[in-house]
Amino acid sequence: MANPIIWYELLTSDHRAAADFYRVALGWDIAPWQGKAGEGAMPYLMFGGGGAMSGGIMDFPPPALANGAPPHWSAYVMVPDTDAAAQKAASLGGQVMVPPTDIPEVGRFAVITDPQGAFINVMTPLPMDPPPPRPPEGMPGQCGWHELFTTDQAGALSFYGAMFGWSKVRGHDMGPMGVYEILAIDGKETIGTMTLPPHMPRPHWNFYFIVDDIQAAAARTTASGGSVVMGPMEVPGGSWVFQGRDPQGAYFGAVKPAA
């Protein structure tokens, strides 16, 4: 069984302003984290829809702020053993950027990169009774597509296949832009990878969040102080997407899935 992606997180310069933006632009429900906060913990807002949460928004931790990190989205992949996963990532040519660390009442996580330098998180959640509800399929407030821009598609596919059991299912020829390789998690097409375009500075992940109306979401994005940098446009399969930038500078995607 492949490792699933279970959580999304925005690190930003103003978590409250960012939450207000996404609440309006993408129609998210926002709620504060009510769990136990460890010493020095920073405020944490959760987002989701349909009565279930999909991710969180927080200000930069001091080390990230000191290093000049830009606002950005990341994802968490569930693994049975965070320490073993971090060691495995290093053995496969990745790097461990944040060593395995406990989050009170949540679990244990680490931040890794793939061999090409794209960041992703691994996490072993603590058992919860009852388990938290999962968002209904296709509901705004959850991620509908994942996209990896990389300098070495073959190397990235090899890494994520060995690391998480994600498998390539097909490719879509985009002409001069190369082949868009599509990966599945347990048989469900979930991830697209493509060669990093020249105008992008480094390999990275991008996440497309589900919306009810792509044109309306694009209009709300610009009206709320963000920008639409590509689209809206229809993609193969009938979905509609756009890529945007929030007022703090984090890039994100939106998708209206095909009927």
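Bear in mind these aren't lab numbers, they're just calculated from the coordinates by the rules spelled out. As the structure is a computational prediction, the values presented were derived from the model and not from experiment. Ideal geometry is used to build each Cβ from the backbone, glycine not excepted, and the neighbour counts take in all protein chains shown.
Determine the sum of side-chain charges near residue 208: Lys and Arg each +1, Asp and Glu each -1, restricted to other residues whose C-beta is under 11 angstrom from that of residue 208.
0
For segment 105-180, what class follows from the C-alpha gyration tensor (a ≥ b ≥ c being the square roots of its eigenvalues): rounded when a/c is under 1.5, otherwise prolate if a/b is larger than b/c, else oblate?
The shape class here is oblate.
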Checklist entry - Along the charge dipole of the chain, Cβ charges K/R +1 and D/E -1, which of 123, 101, 149 sits furthest on the positive end? => result 149
Item to check | Gained length - residue 102 relative to residue 222, 0.36 nm times residue gap less alpha-carbon distance | outcome: 39.4 nm
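Using only the Cα atoms of segment 188-249, build the gyration tensor, take square roots of its eigenvalues as a ≥ b ≥ c, and label the shape rounded, prolate or oblate: rounded if a/c is under 1.5, else prolate if a/b is larger than b/c, else oblate.
Values: a/c = 2.01, a/b = 1.15, b/c = 1.74.
Judged from the Cα gyration tensor, segment 188-249 comes out oblate (a/c at least 1.5, b/c at or above a/b).
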Checklist entry - Within a Cβ distance under 14 Å of residue 122, other residues only, what is the Lys/Arg minus Asp/Glu net charge? => result -3
Checklist outcome for this item: Scan of the chain for GluC sites (Glu not before Pro) in DSSP loops with at most 15 other beta-carbon atoms within 10 Å gives a longest site-free stretch of 138-259
Checklist entry - If we count other beta carbons within 10 Å of each Cβ, what is the order of 193, 82, 151, fewest first? => result 151, 82, 193
Checklist outcome for this item: Extension length gain for residue 84 and residue 213 (0.36 nm per residue less Cα distance), in nm, is 42.3 nm
Checklist outcome for this item: Measuring from its Cα centre, segment 5-125 shows a charge dipole (+1 at each Lys and Arg Cβ, -1 at each Asp and Glu Cβ) which, in debye to the nearest 20, is 100
Item to check | Distance (nanometres) between label positions extended 7 Å along Cα→Cβ at residue 17 and residue 169 | outcome: 4.0
Next on the checklist: Roughly how far apart, in whole Å, are the Cα centres of segment 171-186 and segment 78-102?
Outcome noted: 27
